[in-house]
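Enquirer: Pasting a structure here, questions to come.
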Amino acid sequence: MTPIEISRLAAQQPDNRALDPAFYTSEAVYRQDIERIFMRCWLYAGHISEIPRVGDWFLYELDRESVIVIRAAKDRVNALVNVCRHRGSRVCVEPKGRGKRLTCRYHGWTYDAEGALKAAAHMPEDLDRDALGLRQVQCEVLAGMIYLNFAEDPAPLAEAQRELGACLAPYALDQAKVAHRQSYPMKANWKLAVENYCECYHCAPAHPEYSRGHALADPDEKHEAAYARVHERAVACGLSPAQPDRKYLDAPGFGAGYGYSRYPLIRGHVTGSRDGQPVAPLLGRITDYFGGCTDFEVGPVTFALAYPDHVVIYAFKPLDRDHADCDIPWLVRGDAEEGEDYDAAALTWLWDVTTEADKRIIERNAQGVNSRFYVPGPLSDMEYYTLAFLQWYLDVMSRTEGPEGAGASPSLGVVAS
Ligand SMILES: [Fe+2]
């Protein structure tokens with residue numbers, strides 16, 4: 001399929017249906033997913049606590065790209081493209097490291113944390129070193145979370161920084177730490193993983209552990225009064241009165257959308273754990289458990305669930321057409337001690353068991369959509385957010401204008417609602 005054919009197919013999709021199989025099985029669609037979405041939207045790369053000292057770095061990899069995310073100064077993170085300016089070798093090969101200098105092992109070209117070329121042996125005296133620094137991609141730290149964008153001129157995160165940043169301030173996530181981080185690779189196209197995350201229609205059948213304590217799993221628990229009560233108690237416990245809910249569709253710029261909303265925990269649960277009881281000290285300036293939790297998101301593929309005592313981030317990305325990853329860091333207070341203040345196994349239990357279940361159902365879904373007999377079916381009311389994601393996706397894919405005929409036009413700055 002050509003990009004134009006993909007755009008036509010996207011434009012022809014009926015409303016309120018699962019996607020045509022080509023969107024999961026075509027290699028050409030996958031390449032367009034990378035170009036139109038992943039090279040243009042904000043992506044979660046890691047948390048600031050993972051690079052606490054100047055010179056600490058880790059690699060973020062997506063598709064054919066690799067980025068060195070490095071603490072360049074106390075208050076600055078750089079995202080250096082991991083491609084040597086000599087003949088293009090990867091410079092860093094380990095998943096993480098530390099050093100004032102980054103040396104390519106191929107011919108020894110050496111860069112500093114700003115990406116400046118500092119050494120290149122046996123090269124002419126007049127080598128223009130200034131022109132041979134490592135290239136950089138956009139990098140922003142929002143509430144301690146490091147987001148990257150591969151686009152040269154991405155939609156700014158300024159509005160998310162301001163509005164979502166203010167909502168998240170009581171959690172003090174910039175002073176949190178990653179207590180545990182786990183990757184959940186799955187044999188499925190990335191869209192099936194995101195579609196699944198966006199709905200709780202499957203929660204009751206697939207997630208008994210989650211459904212015991214979270215109102216979202218049970219439409220009967222979605223009483224307005226319960227939501228109002230949680231909101232009131234959350235504010236009394238120091239949380240934001242504002243809830244900029246669900247900006248997916250009217251994003252302030254392509255791939256820079258965000259949202260923040262609360263929902264009740266039920267049956268005596270106060271956090272997301274095996275028995276619903278605390279698993280870590282209260283975060284930041286939160287004064288007490290308020291009987292609820294907070295969903296938030298940045299960009300189209302990073303979601304998070306903030307409990308009063310810990311935060312779970314779900315960062316999705318494609319590995320190839322048929323494989324995706326969900327990278328899950330669990331954040332707790334920066335000064336919490338493992339073994340004293342929290343137990344990693346207890347902290348991670350709920351979302352490990354839940355994500356393992358998700359992986360299984362997503363992989364079965366992938367098997368089905370790869371069948372010649374698959375026909376896209378209708379969605380339920382409980383899949384409203386999956387529908388929002390699908391509409392957004394089809395809108396992006398249906399665009400044919402722009403310099404490459406690949407949707408890369410400034411009009412993408414406003415995503416249709
Ligand atoms: Fe699930």
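Enquirer: Within the range 257-270, identify whether any single residue is over 28 Å from K359 (Cβ atoms) and not β-branched (V, I, T), and answer yes or no. Working first, answer last.
Expert: Step one: list which residues in the range 257-270 are over 28 Å from K359 (Cβ atoms), which gives 268.
If we keep only those that are not β-branched (V, I, T) as well, we get 268.
Within the range 257-270 (the criterion being over 28 Å from K359 (Cβ atoms) and not β-branched (V, I, T)), the answer is yes, since at least one residue qualifies.
Enquirer: Which one of these is of a type outside the set (D, E), crowded, with 24+ Cβ neighbours inside 10 Å and at positive phi: G255, G268, G276?
Expert: Numbers: G268 fails: crowded, with 24+ Cβ neighbours inside 10 Å; G276 fails: crowded, with 24+ Cβ neighbours inside 10 Å.
Exactly one of G255, G268, G276 is of a type outside the set (D, E), crowded, with 24+ Cβ neighbours inside 10 Å and at positive phi, namely G255.
Enquirer: Could you check how many residues of the range 300-318 are in contact with a strand residue (DSSP E or B) (Cβ under 6 Å, 6 or more places away or on another chain) and charged (D, E, K, R)?
Expert: Taking the range 300-318 and keeping what is in contact with a strand residue (DSSP E or B) (Cβ under 6 Å, 6 or more places away or on another chain), we get 301-307, 310-318.
Cutting the leftovers down to charged (D, E, K, R) gives us 317.
Residues in the range 300-318 being in contact with a strand residue (DSSP E or B) (Cβ under 6 Å, 6 or more places away or on another chain) and charged (D, E, K, R): 1 in total.
Enquirer: A further question on this structure: Just to be sure before I move on: is Y227 away from the ligand (no atom under 16 Å from the Cβ), under 25 Å from the mean Cα position of the chain (by Cα) and either outside the structural domain of E338 (by TED's automatic domain parsing) or among the hydroxyl-bearing types (S, T, Y) (or both) in the structure I sent?
Expert: Working: away from the ligand (no atom under 16 Å from the Cβ): yes; under 25 Å from the mean Cα position of the chain (by Cα): no; either outside the structural domain of E338 (by TED's automatic domain parsing) or among the hydroxyl-bearing types (S, T, Y) (or both): yes.
Here the answer is no, as Y227 does not meet what is asked.
Enquirer: Let me ask something else about it. Determine which single condition D218 fails, assuming it passes every other condition in (1) within 16 Å of the ligand (Cβ to nearest atom); (2) surrounded by fewer than 19 Cβ atoms within 10 Å (Cβ to Cβ); (3) in contact (Cβ under 8 Å) with a residue 60 or more places away in the chain.
Expert: Status for D218: all satisfied but (3).
Enquirer: Ok, one more. Going by what's in this entry, would L127 be described as surrounded by fewer than 20 Cβ atoms within 10 Å (Cβ to Cβ) and not in a strand (DSSP E or B)? Outline the logic, then answer.
Expert: Values: surrounded by fewer than 20 Cβ atoms within 10 Å (Cβ to Cβ): yes; not in a strand (DSSP E or B): yes.
Here the answer is yes, as L127 does meet what is asked.
Enquirer: Next question, about the same structure. For Q161, all conditions in the list (1) touching a residue at least 24 places away in the same chain (Cβ under 8 Å); (2) away from the ligand (no atom under 16 Å from the Cβ) hold save one; what is the number of the exception?
Expert: Just one mismatch for Q161, condition (1).
Enquirer: Here is a follow-up. Out of the residues in the range 154-202 that are among the hydroxyl-bearing types (S, T, Y) and closer than 25 Å to G144 by Cβ, state the one that is surrounded by the fewest Cβ atoms within 10 Å (Cβ to Cβ).
Expert: For the range 154-202, the residue satisfying everything is S183.
Enquirer: A further question follows. One residue is enough: does the range 177-189 have a residue meeting the conditions closer than 23 Å to A73 by Cβ and of a type outside the set (A, V, I, L, M)?
Expert: Residues of the range 177-189 closer than 23 Å to A73 by Cβ: 177-178.
Checking which are of a type outside the set (A, V, I, L, M) leaves us with 177.
Looking for residues that are closer than 23 Å to A73 by Cβ and of a type outside the set (A, V, I, L, M), one finds at least one in the range 177-189, hence yes.
Enquirer: Considering only residues of the range 340-394 that are assigned to a helix (DSSP H, G or I) and of a type in the set (G, A, S), which is nearest to the ligand (Cβ to nearest atom)? If you could, list the steps in order and put the result at the bottom.
Expert: Residues of the range 340-394 that are assigned to a helix (DSSP H, G or I), as a first pass: 344-369, 381-394.
Pick out the ones that are also of a type in the set (G, A, S) and you get 344-346, 357, 366, 368, 388.
Values: A344: 22, A345: 21, A346: 21, A357: 6, A366: 15, G368: 17, A388: 17 Å.
Going through the qualifying residues, I end up with A357.
Enquirer: Test of understanding: among A324, A315, which residue is within 16 Å of the ligand (Cβ to nearest atom), in contact with a Cys (Cβ under 8 Å, 6 or more places away or on another chain) and in contact (Cβ under 8 Å) with a residue 60 or more places away in the chain?
Expert: Numbers: A324 fails: in contact with a Cys (Cβ under 8 Å, 6 or more places away or on another chain).
The unique qualifying residue is A315.
Enquirer: Between Y184, Y210, Y197, which is within 29 Å of D63 (Cα to Cα), within 11 Å of the ligand (Cβ to nearest atom) and of a type outside the set (D, E)?
Expert: Working: Y184 fails: within 11 Å of the ligand (Cβ to nearest atom); Y210 fails: within 29 Å of D63 (Cα to Cα).
Result: Y197 is the single residue among Y184, Y210, Y197 that is within 29 Å of D63 (Cα to Cα), within 11 Å of the ligand (Cβ to nearest atom) and of a type outside the set (D, E).
Every residue, every condition in (1) closer than 16 Å to H207 by Cβ; (2) modelled with pLDDT of 95 or more; (3) surrounded by 15 or more Cβ atoms within 10 Å (Cβ to Cβ), yes or no:
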residue	(1), (2), (3)
T348	yes, yes, yes
D358	yes, yes, yes
R364	yes, yes, no
V369	no, yes, yes
M382	yes, no, yes
Q391	no, no, yes
R399	no, no, yes
V414	no, no, no
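Enquirer: Could you give every pair whose Cβ atoms fall below 8 Å, whose first residue belongs to the range 298-311 and is acidic (D, E), and whose second residue is not in a strand (DSSP E or B), counting only separations of at least 6 or pairs across chains?
Expert: Listed pairs, sorted by first residue: D309/T271; D309/P278; D309/V279; D309/A280; D309/P281; D309/L282; D309/L283; D309/Y289.
Enquirer: Can I ask one more? So, in the range 164-181, of the ones that are not in a helix (DSSP H, G or I) and not β-branched (V, I, T), which residue ends up farthest from the ligand (Cβ to nearest atom)? So that I can check it myself, show each step before the final result.
Expert: Applying the first criterion (not in a helix (DSSP H, G or I)) to the range 164-181 yields 172, 176-181.
Right, trim to not β-branched (V, I, T) and you get 172, 176-177, 179-181.
On the way: A172: 28, A176: 24, K177: 26, A179: 22, H180: 19, R181: 19 Å.
Of everything passing the filter in the range 164-181, A172 is farthest from the ligand (Cβ to nearest atom).
The values are calculated or read from the model by the stated rules, or taken from the named source; none is laboratory data. All figures in this text were calculated on a predicted structure; none of them were measured in a lab. Neighbour counts are summed over all protein chains in view; Cβ atoms, including those assigned to glycine, are modelled from backbone coordinates with ideal geometry.
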